[in-house]
Amino acid sequence: MQTVETRLRTETITLNMGPQHPSTHGVFRMIITLDGETIVDLEPVMGYLHRCQEKIGERNTYLQNIPYTDRLDYICSMSNNLAYVMAVEKLAQIEVPERAEYIRIIMVELTRIVNHAVAIGALLNDLGCFFTPMLYALEERERILDLFEMASGSRMMCNYMRFGGVRYDLPPGFMPELKSVVAALPDFIDEFERLLTDNEIVRIRCQGVGILPPDVAVGYSCTGPLLRASGVDYDIRKVDSYSIYDRFDFDVPLGTNYDVYDRYLVRIGEMRQSVRILEQAIEQIPEGEVSVKLPRVFKPPEGDVYHRIESPKGELGFYLVSDGSTNPYRYKIRSPTFINLIVLPELCKGHKVADVVAILGSIDIVLGEVDR
Amino acid sequence: MSREVYERLVEEFPETSLEYLEGKDPAISVKADDLFEVARHLKEKQGYDYLSAVTGVDYPDRFEVIYHLYSMKEGPGPLILKVSASKEQPEVPSLVSLWPGANFQEREVYDLMGIRFAGHPDLKRILLWEGYEGHPLRKDFPIEGYQTIGQEESS
Amino acid sequence: MPFLNDLFVNLSYWIHGFLARFLPLWAADLIMMLLTIACLIVFALITIMLINWLERKVIGRFQDRYGPNRVGPLGILQFVADAIKMFTKEDITPANADRVIFNLAPVMVVVPTFLMLAVLPFGRGMVAADLNIGFLYIVAISSLTTIAILLAGWGSRNKYSLLGGMRVVAQMISYEVPMVLSALGVIMLTGSLSLVSIVEGQSRVPFILLQPLGFLIYFMSAIAEVNRAPFDLPEAESEIIAGYHTEYSGMKYAMFLLAEYINAFIVSAIAATLFLGGWQGPLLPPYVWFFLKAYAIYFVLMWLRGTLPRLRIDQLMGLAWKFLVPLALVNLLVMGLVATLTQGKGLFPLVLASLVANGLIVAAVVIIYAFAMRRRRQVEVAA
């Protein structure tokens, strides 16, 4: 953006989109330097929700850490559970029974749909639709949260996965309800798309805004829908397949213009692919055990391990160092949204203040995970 | 797979002391002085363009910084680099100029562990506020307790 | 029916006659004027109650939920609860704010709103002041609101409010031009600025049939004038908290809210007057028709608010200057041509020619737009 040198002395003002703000998705602060309405520099300040979970993780036993992982990204508690549980299983080399694997996949894909619905609803809410898309998105989320409650006893902080399987088997009313939810989902996604994809105002607010070229995205360690909307075909479920994802048939939607609109389209595409995986999982799920008997005092062997999964927001990884005792020696969470935020200043320079909100909404942050 | 990478690295940098560490995730241990060159070779010649995680660990005798690298083309299997730093003056070269995504992660390791990164453009605390004393993730930082920082408020 | 039709007019004559019996004429006139003013103010307050309730219910239904339904049957007393809340809130003034300007701004916002109510024709013979410059008066008074909002933004000593205030000034000034230009088409057809004459000029055919394009342009500009979605950037809740009324609380905030809702109502009423035929209509009394038409347009405003996201400031300005102003000028030109050519030939040729002319303008716009889109796509592909 060219600035013209004139005799008129203009100054830049510093705007503080402070920790309390309706559209920063939590307590997140951005210090923006503005020249008129155009952004010259942006500095994100975080840490308002820092609870030092990594130190708490060292104090807890391995089993006690599972409810703490729920509170990381509080919208997708099932996938956080899965990442941690799989990391410990890799460390202690525990085999998981078939039925438990299928149940885990079902829960994680339902979580992916919930997360993308909320993310799109929040993005459009920030663009100014006055809550209407958010409430449409939350409609289906309610049914899925009821499913979670049926299985695990809680809507959001599920605490459902355990080392070697899941805590409870599915109750008898679960499968019929799941089938009806999955049957209703394609129509819901279509309705959502009809409201928003061809809306002229959404297009002009989102297209051409926040363009992230693929090599910059890889250099800045972006993952998740952010990376795939920049055209990089990297989905951990396909590249570094874990659990039983290699048995399912699904595509990975990619973006072509690398802007906010593409990130929105990628999320809608991923919702559709999740529905495909759910349909296949419902057909293929076998009967059997859902958990494995572990010793009362669980002491995994010494060593260190890093395991990552494709959570709805990106690559969620756990790095565990064990010294043979009941507590982890080092418990590190590789949080996708924290690292996706590194690219925020790059994306925002040269745009207007109104675009910052759209770009932040497209990165889709949850402060519990950014700050841990 | 990382065995071959290790062999190639040893060929490329014969005078550095690289060690191959076995385990569930095999790793390559590098000295702090050679880290930048080795990392640059890995990124440019061997195609490890994606830095996934930067972790700091507090062992009883040393600090350790662990880098998990992936290659977009090759796919699975991380390449793990482990660098040691001394307990008194922990300092490691910064890799921000190679992978900009290391920016916030190195700040976090500095903030919570106290390991300095030489060459980082803006090394300051990220999750805790400026003026906080102490580095919480170190083993000598207590798990529980009260801490008064700064001056007492005069009521 | 004739009794109901002229109910208020007869009532005012009767009161006037009653007063003139024992008071000198000038006193009776004065009391009638004060009564009219009191009626208008009460009408404004009742309108805002009704509008507030309607807005929350209707937008709630758009979002697939009930609106307020606890306080009173169907939630109709919700406004009373809100009003009590507004009255009892603490009145906070920021420490560095410019006191005079800060306190003056809410008053300055409300007064033009009430002033505009004076020239609206509510029914046959029911207008407070039949000015022969009716429409010009409305345009002039609505510009006062712009200054008041800028004062609110400046006096708050707050960067957010200042940003909001500056955006409002830019937006309101830009959108007055197409608003006036599109209304000029109507004024051209009637030859008079007085709103009463405009309504009477539509006795044969409402002007929306003659100038559909003019109606659309006027409608869009009017939405932008009153800062409603999708043009509500100055009070963009998700970006700059609440723009120019961030720092106001309690009664002063209530003033801004009052002004906003009544402005929106007035603008729908004027659209109904200019284009839909005002109080004319079969069967029902005239004032009922007036309210039906005004609320029908207000319903469309609520519909837009619940559905569309908001435009960015540069897109907003671009829409006004690059699209609406040229279109309004073309509309004026073509309508003038049509009106002159079909003068004296009767009603039907006028309607037909107007519709055909409007259709041609729309077709021309679509063709130019498609052409520009194709050019832009070619440029993008080449780049």
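FYI, it's all coordinate maths here, none of it is from the lab. On a predicted model such as this, the values are computed, not experimentally measured, just so you know. Every residue, glycine as well, gets a Cβ built from its backbone with ideal geometry; the counts of neighbours run over all protein chains shown.
Need the C-alpha centroid separation for region B:52-69 versus region A:52-131, integer Å.
With region B:52-69 and region A:52-131 each reduced to a Cα centre, they are spaced 24 Å.
Averaged over C:301-308, how many beta carbons belonging to a partner chain fall within 10 Å of each residue's beta carbon?
On the way: counts 0, 0, 0, 0, 4, 4, 7, 9.
Whole-number average of other-chain Cβ neighbours for C:301-308 is 3.
Taking only Cα atoms, what is the 0 to 90° angle, nearest 10, from helix B:35-44's long axis to the longest principal axis of chain B?
50 degrees
With a Förster radius of 30 Å, plug the Cβ-Cβ distance of C:Val330 and C:Leu284 into 1/(1 + (r/R0)^6) and report the FRET value to the nearest 0.05. Let's see the in-between values first.
Values: r = 37 Å, r/R0 = 1.24.
Computed FRET efficiency for C:Val330 and C:Leu284 comes out at 0.20.
At most 10 other Cβ atoms within 10 Å and a DSSP loop assignment: could you name the trypsin sites (Lys or Arg not before Pro) in region A:220-295 that fit?
Working: sites: A:Arg228, A:Arg237, A:Lys238, A:Arg247, A:Arg263, A:Arg267, A:Arg272, A:Arg276, A:Lys293; in loops: A:Lys293.
Hits after loop and neighbour filter: A:Lys293.
If I take R0 = 56 Å and measure r between the Cβ atoms of A:Phe174 and C:Gln343 in this structure, what FRET efficiency does the formula 1/(1 + (r/R0)^6) give, to the nearest 0.05? Show your work: numbers first, answer last.
On the way: r = 77 Å, r/R0 = 1.37.
Between A:Phe174 and C:Gln343 the formula returns 0.15.
Net charge near C:Ala222, counting Lys/Arg +1 and Asp/Glu -1 over other residues with Cβ under 13 Å of its Cβ? Provide the component values of the computation, followed by the final result.
On the way: positive: C:Arg228; negative: C:Glu176, C:Glu225.
In short, -1.
Most fluctuating residue of B:Leu81, B:Leu95, B:Leu21 in a GNM of chain B with Cα springs under 10 Å: which is it?
B:Leu21
Scan around B:Ala53 for amide H atoms under 5 Å from its own, H built in the peptide plane at 1.01 Å from N, and keep only partners 5 or more places away or cross-chain.
Long-range HN contacts for B:Ala53: B:His68.
Compute the distance in nm between two label points, each set 7 Å from the Cα along the Cα-to-Cβ direction, one at B:Ile143 and one at B:Arg62.
So the label points at B:Ile143 and B:Arg62 sit 2.8 nm apart.
Counting only DSSP beta bridges with both residues in the protein assembly as shown, what percent are antiparallel, rounded to the nearest 5?
Values: 48 of 55 bridges.
Percent antiparallel among DSSP bridges in the protein assembly as shown is about 85.
With each label point set 7 Å from Cα along the Cα-Cβ vector, what nm distance links B:Ser84 and A:Arg143?
5.9 nm
So what's the angle, to the nearest 10 degrees on a 0 to 90 scale, between helix A:77-92 and the longest Cα principal axis of chain A?
50 degrees
Calculate the all-directions average of the projected area of the protein assembly as shown's alpha-carbon convex hull, and give it in nm². Don't skip to the end; give the middle numbers.
Numbers: hull surface 195.7 nm².
Directional mean of the projected Cα hull area for the protein assembly as shown stands at 48.9 nm².
Antiparallel versus total DSSP beta bridges in chain B: what percent is that, nearest 5? Before the final figure, lay out the partial values.
Numbers: 19 of 26 bridges.
Around 75 percent of the beta bridges assigned by DSSP in chain B are antiparallel ones.
Of chain B, which part is the longest with no GluC sites (Glu not before Pro) in a loop (DSSP not H, G, I, E, B) and with at most 14 other C-beta atoms within 10 angstrom? Mind dumping the intermediate values first?
On the way: sites that count: B:Glu15, B:Glu22, B:Glu74, B:Glu88, B:Glu130, B:Glu133, B:Glu144, B:Glu152, B:Glu153.
The segment B:23-73 is the longest one with no such site.
Under a GNM of chain A (C-alpha, springs under 10 Å), which listed residue has the highest mean-square fluctuation: A:Ile244, A:Ile339, A:Ile106?
Comparing A:Ile244, A:Ile339, A:Ile106 in the GNM, the peak value goes to A:Ile244.
Taking θ = phi - 60°, what integer Hz values does the Karplus form 6.51 cos²θ - 1.76 cosθ + 1.60 yield along region A:184-196, in sequence order, with x for Gly and Pro?
After applying 6.51 cos²θ - 1.76 cosθ + 1.60, I find 7, 5, x, 5, 5, 5, 5, 5, 4, 5, 4, 5, 10 Hz.
Measuring from label point to label point, each 7 Å out along Cα→Cβ, what is the C:Ser192 to C:Thr93 span in nm?
Reported label-point gap for C:Ser192 and C:Thr93 is 4.8 nm.
Here is the link list: A:Lys238/A:Lys352; A:Lys299/A:Lys332; B:Lys45/B:Lys139. Which ones come out longer than 30 Å on Cα distance?
On the way: A:Lys238/A:Lys352 37 Å; A:Lys299/A:Lys332 18 Å; B:Lys45/B:Lys139 38 Å.
Table pairs above 30 Å Cα-Cα are A:Lys238/A:Lys352; B:Lys45/B:Lys139.
I need to check one value: relative contact order of chain C, counting alpha carbon pairs closer than 8 Å and at least 6 residues apart, in percent. Before the final figure, lay out each step's value.
Working: 485 pairs, mean separation 75.6, N = 383.
So the answer I get is 20 percent.
For B:Lys24, list the aspartates and glutamates whose Cα falls under 17 Å from its own Cα; do not include residues on the same chain fewer than 8 positions away.
Output for B:Lys24: A:Glu89, A:Glu95, A:Asp240, A:Glu302, A:Asp304, A:Asp323, B:Glu4.
Quick one: longest stretch of chain A between exposed loop GluC sites (Glu not before Pro), exposed meaning at most 11 other C-beta atoms within 10 Å and loop per DSSP? Write down the numbers at each step before the final one.
Values: sites that count: A:Glu5, A:Glu11, A:Glu95, A:Glu287.
It works out to A:96-286.
For region A:217-291 and region C:150-185, what is the separation of their C-alpha centers, rounded to whole Å?
The two parts, judged by their Cα centres, are 46 Å apart.
Give me B:Asp122, B:Asp49 sorted ascending by neighbouring Cβ count inside 10 Å, so fewest comes first. The partial results should precede the final answer.
Working: B:Asp122 9, B:Asp49 19.
Lowest to highest Cβ neighbour count: B:Asp122, B:Asp49.
Could you list A:Arg308, C:Arg204, A:Arg71 in order of exposure, starting from the residue whose Cβ has the fewest other Cβ atoms within 10 Å?
On the way: A:Arg308 25, C:Arg204 10, A:Arg71 17.
By the 10 Å Cβ count, ascending: C:Arg204, A:Arg71, A:Arg308.
For a protection proxy built on the mean count of beta-carbon atoms within 10 angstrom, sort C:324-332, C:271-279, C:366-374 highest first, please. Can you show the working numbers first?
Values: C:324-332: 19.1, C:271-279: 25.9, C:366-374: 10.1.
Highest mean packing first, the order is C:271-279, C:324-332, C:366-374.
Length gain on complete extension for the stretch A:Ile56 to A:Lys349, per 0.36 nm per residue less the alpha carbon to alpha carbon distance?
On the way: separation 293, 0.36 × 293 = 105.48 nm, distance 3.75 nm.
Additional length available on full extension: 101.7 nm.
Contour minus end-to-end for C:Val351 and C:Arg204, with contour as 0.36 nm per residue of separation and end-to-end as the Cα-Cα distance?
Length gained, C:Val351 through C:Arg204: 51.8 nm.
Straight-line reach from A:Lys293: which lysines fall under 22 Å, measuring Cα to Cα and dropping same-chain residues less than 8 apart?
Once the sequence-local lysines are set aside, what remains near A:Lys293 is A:Lys90.
Check B:Tyr59: other-chain or 5+ apart residues with amide H under 5 Å from its amide H, H built from backbone geometry?
Under 5 Å from the amide H of B:Tyr59: B:Glu64.
Calculated from DSSP H runs of 4 or more alone, at -39500 (n - 2.57) each and per residue, what is the 222 nm mean residue ellipticity of chain A, nearest 500?
Using -39500 (n - 2.57) per qualifying helix, the result is -14500 deg cm²/dmol.
Rank these for me by crowding, A:His21, A:His116, C:His16, going from fewest to most other beta carbons within 10 Å. Could you put the intermediate results ahead of the total?
Details: A:His21 19, A:His116 24, C:His16 15.
The order, fewest Cβ neighbours first, is C:His16, A:His21, A:His116.
Taking the Cβ of A:Pro301 as the centre, find all other residues whose Cβ is under 15 Å away and add up their charges (Lys, Arg: +1; Asp, Glu: -1).
Numbers: positive: A:Lys90, A:Lys299, B:Lys24; negative: A:Glu89, A:Glu302, A:Asp304, A:Asp323, B:Glu22, B:Asp25.
Net charge around A:Pro301: -3.
Relative to the longest principal axis of chain A, what angle (0 to 90°, nearest 10) does the C-alpha long axis of helix A:353-363 take?
Here the helix axis deviates by roughly 20 degrees.
For chain B, with a Gaussian network of springs between Cα atoms less than 10 Å apart, report the residue from B:Ile66, B:Ile28, B:Ile143 with the top mean-square fluctuation.
B:Ile143
From the cross-link list A:Lys313/C:Lys89; B:Lys43/B:Lys87; C:Lys159/C:Lys293, which pairs have alpha carbons spaced over 31 Å apart? Show your work: numbers first, answer last.
On the way: A:Lys313/C:Lys89 42 Å; B:Lys43/B:Lys87 29 Å; C:Lys159/C:Lys293 40 Å.
Checking Cα-Cα distances, A:Lys313/C:Lys89; C:Lys159/C:Lys293 exceed 31 Å.
How many angstrom lie between the C-alpha centres of region B:71-114 and region A:132-176?
37 Å
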